[in-house]
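Shown next, in structure tokens, is the structure this report addresses.
The values are calculated or read from the model by the stated rules, or taken from the named source; none is laboratory data. Since we're looking at a predicted model, the values are computed, not measured. Ideal geometry is used to build each Cβ from the backbone, glycine not excepted, and the neighbour counts take in all protein chains shown. These accessible areas exclude ligands, DNA and RNA; they are computed on the full protein's heavy atoms, side chains included. Shrake-Rupley method; radii C 1.70, N 1.55, O 1.52, S 1.80 Å.
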Amino acid sequence: MGEMSQHVIPIALEGASRARKRQAPKGRRVDPVALVQIKDLLRDASRDRSYLIEHLHKIQDAFGHLGAAHLAALAHEMQLAQTEVYEVATFYHHFDVIREGDAAPPALTVRVCDGLSCEMAGARQLLDRLPALLGASVRVIPAPCIGRCEQAPAAVVHQNPMAFATIETVAQAVKANARTHHHDDYLGLESYIKAGGYALLRACLSGERDLEDVIRSMEDSGLRGLGGAGFPAGRKWRIVRDQPAPRLMAVNIDEGEPGTFKDRTYLERDPHRFIEGMLIASWAVGIDAIYVYLRDEYHGCRAILEHELALLRENPPMANMPLIELRRGAGAYICGEESAMIESIEGRRGLPRLRPPYVAQVGLWGRPTLEHNFETLHWVREILERGGHWFASHGRHGRKGLRSFSVSGRVVNPGVKLAPAGTTVQELIDEFSGGMLEGHTFYGYLPGGASGGILPASMNDIPLDFDTLQAHGCFIGSAAIVILSHHDSARQAALNTLRFFQHESCGQCTPCRVGTAKAVRLLEQDNWDVDLLGDLSMVMRDASICGLGQAAPNPIDCVIKYFPQELSGSHDGASG
């Protein structure tokens with residue numbers, strides 16, 4: 001061989017050596033003790049990438065935090081780069097990632113909701129006073145809306161939710177070291193079947209109910225997606241059914257819009273009504289597997305679903321029942337956006353996807369996916385039993401259908417109010433919520449949660465429904481109605497919602513990431529720079545990737561338009 005060959009061989013060997021080195025895991029060395037702990041924790045659970053968030057929860061639950069050694073061991077066990085595991089773990093608010101050398105958090109955490117309804121009910125006083133009272137052994141932190149706005153102020157001690165929390169009740173719960181609260185007053189499988197449950201599903205499977213008639217009834221009902229987007233449910237079934245198999249289904253119970261708690265309320269009472277609706281939809285569309293995404297704040301609901309789904313698998317109401325997997329969120333409002341939810345189910349950060357393609361065509365693992373909100377499926381059984389025209393026969397002021405309004409704030413009886421679509425806010429207050437609290441005069445309202453805008457009491461006659469609020473710069477979304485009184489301030493409500501959006505922005509796009517932070521700084525000023533806020537609003541609406549950034553300016557624009565008296569910092573509520 002010539003002189004060239006003498007150089008080629010060592011170079012080739014050196015390249016092979018580098019290739020062998022690259023086969024070892026990147027990042028820190030794996031601690032053998034931590035690896036044994038992770039193997040013991042996961043046991044025979046799948047190591048597929050899609051279970052990354054589930055496995056992070058296992059570690060967090062077992063050790064109280066996510067240490068560097070355990071993250072490295074998990075990456076090794078799942079054959080992932082450590083950076084992949086780390087970026088997912090640090091994306092979600094409920095994971096406590098502890099860097100090497102840092103102290104672990106206290107064993108017990110108290111989360112106090114600082115959402116608008118809870119702030120109005122005194123959450124700030126809890127956050128100010130509890131740390132000194134409970135001491136350094138308990139961590140007290142603010143939490144974005146925990147879906148208990150009708151119980152404001154609400155808190156969570158470990159995983160145990162506390163309604164109408166006070167200094168005394170939280171301290172007592174901490175002393176008792178309260179663990180997860182399990183509901184036992186809901187309609188379980190046996191009682192549900194005795195009351196006629198799953199008979200409709202069996203009628204569909206036997207051919208007694210014709211597939212085309214079922215879909216047509218859904219279309220006749222006018223039922224639209226009740227998670228906020230409002231896409232017609234029957235039409236969605238047709239669209240996904242026409243896609244090539246295999247087809248999947250993703251169910252959104254990541255109920256994170258501040259002011260919204262309807263899904264939790266229904267799930268705590270009658271879980272199988274939702275499950276039967278889900279199985280009927282899977283039959284109608286031809287679904288192979290179902291993934292139910294439940295927000296992490298709903299620990300009691302997860303216990304219910306785990307228990308009832310296990311019973312259902314033992315006595316399945318249908319042959320070849322599709323796989324149903326319950327996936328656990330980890331504290332990220334953005335995962336209520338359908339494509340971000342799908343990313344999370346796949347074990348990734350909840351970053352919304354650019355569209356097209358749409359989820360109905362390219363969803364979970366690239367397959368056509370039927371995505372539904374919990375409440376949409378909750379209505380399927382009743383609509384099919386009573387007929388689509390029955391649902392459409394309800395309504396007020398020219399609207400059709402029924403709505404589950406989550407009403408919170410300054411009313412006597414907050415809660416989920418089942419009312420005709422098109423009911424006005426004044427009717428909701430007077431007929432369904434017992435009127436305003438004593439000593440409070442109706443001042444304004446949020447017609448669609450944090451992102452739906454803010455309207456004054458003088459605009460109390462607008463029918464609340466899809467497509468009725470856009471002309472006023474608002475939308476109904478998931479029908480979360482927060483009532484403000486003359487003791488409240490619309491500008492303070494806007495600041496509260498923008499702080500929420502800043503906290504919950506996924507950070508993927510600059511208009512939302514930077515825009516929400518800039519908006520908070522501007523809203524904190526005594527006198528608002530209306531021109532600059534207007535420019536910021538326009539950029540966020542036009543350039544944000546998803547609905548979070550596009551809708552975040554709604555409260556700002558509404559205060560400027562409808563509450564001009566509050567633009568000066570001297571205003572401290574309607575009576576100021």
- Show me 137-143, 310-316 ranked by packing, highest mean number of other Cβ atoms within 10 Å first. 137-143, 310-316
- Note on the structure: Expressed per residue, the solvent accessible area of the chain in Å² (1.4 Å probe) is about 42
- Query: From the phi of every residue in region 366-376, what ³J(HN,Hα) in whole Hz does the Karplus formula 6.51 cos²θ - 1.76 cosθ + 1.60 yield, where θ is phi - 60° and glycine or proline is x?
  - Reply: x, 9, x, 9, 8, 10, 9, 7, 3, 5, 4
- Message: Quick check: residue separation of ALA107 and ALA303 times 0.36 nm, minus the Cα distance between them. What number comes out in nm?
- Response: 68.4 nm
- Cα-based Lys proximity count in the chain, under 28 Å, for pairs eight or more positions apart or on separate chains: 14
- Query: Rounded if a/c is under 1.5, else prolate if a/b beats b/c, else oblate: with a ≥ b ≥ c from the C-alpha gyration tensor eigenvalues square-rooted, which is region 465-576?
  - Reply: oblate
- Mind putting together the pair-distance distribution for region 286-378? All Cα pairs, 5 Å bins, whole percent per bin, short to long. 3, 12, 21, 24, 20, 13, 6, 2, 0
- About the Cα centre of the chain, how large is the charge dipole given +1 on each Lys and Arg Cβ and -1 on each Asp and Glu Cβ? Please answer in debye to the nearest 20. 1200
- Considering only DSSP beta bridges with both partners in the chain, what is the antiparallel share in %, to the nearest 5? 40
- Free-standing Cys residues across the chain, given no other cysteine C-beta under 4.7 angstrom: CYS145, CYS149, CYS204, CYS301, CYS335, CYS474, CYS506, CYS509, CYS512, CYS546, CYS558
- Item | Built amide H within the under 5 Å cut-off of GLU325, gap 5+ | ILE290, TYR291, VAL292
- Task: Indicate the gyration tensor shape class of region 93-187 (rounded, prolate or oblate), computed on the Cα atoms with a ≥ b ≥ c the square roots of the eigenvalues: a/c under 1.5 is rounded; otherwise a/b larger than b/c is prolate and the rest oblate.
- Result: prolate
- Enter the Cα centre distance for the pair region 368-412 and region 235-268, rounded to the nearest angstrom. 14
- Which percentage, to the nearest 5, of the DSSP beta bridges contained in region 390-458 is antiparallel? 90
- Note on the structure: Of region 198-226, those with amide N under 19 Å from the point 7 Å along the Cα→Cβ vector of TYR358 are 215-216, 218-226
- Item | Within the chain, helix-based [θ] at 222 nm, where runs of 4 or more DSSP H residues each add -39,500 (n - 2.57), nearest 500 | -12500 deg cm²/dmol
- How much length is gained if the chain between ASP185 and GLU431 is pulled fully straight, taking 0.36 nm per residue apart and subtracting their Cα-Cα distance, in nm to one decimal? 85.8 nm
- Let a ≥ b ≥ c be the square roots of the eigenvalues of the Cα gyration tensor of region 233-288; is it rounded (a/c under 1.5), or, if not, prolate (a/b larger than b/c) or oblate? prolate
- Query: What number comes out for the charge environment of TYR192, summing +1 per Lys or Arg and -1 per Asp or Glu over other residues with Cβ under 10 Å away?
  - Reply: -2
- Note on the structure: Restricting to Cα pairs under 8 Å and 6 or more apart, the percent relative contact order of the chain works out to 12
- Report the charge-dipole magnitude of region 443-576 in Debye, nearest 20, computed about the Cα centre from +1 at each Lys and Arg Cβ and -1 at each Asp and Glu Cβ. 300
- Query: Say each of ARG396 and ARG49 gets a label point 7 Å from the Cα, pointing the same way as Cα to Cβ; how far apart are those two points in nm?
  - Reply: 5.1
- Simple spin-label model, 7 Å along Cα-to-Cβ: GLU382 to LYS175 in nm? 4.3
- List, in order, the whole-Hz ³J(HN,Hα) value for each residue of region 293-301 obtained from phi through the Karplus relation with A = 6.51, B = -1.76, C = 1.60 and θ = phi - 60°; use x for Gly and Pro. 9, 10, 4, 5, 5, 9, 5, x, 5
- Note on the structure: Whole-percent carbon and sulfur contribution to the accessible surface of the chain (1.4 Å, no ligands, DNA or RNA) stands at 50
- Note to self: C-alpha centroids of region 293-310 and region 41-110 sit apart, in Å, by 21
- Run through every distinct alpha carbon pair of the chain and return the Kirkwood hydrodynamic radius in angstroms, one decimal place. 25.4
- Query: Taking the simple approach of a point 7 Å from Cα along Cα-to-Cβ for both THR83 and ARG216, what is their distance in nm?
  - Reply: 5.7
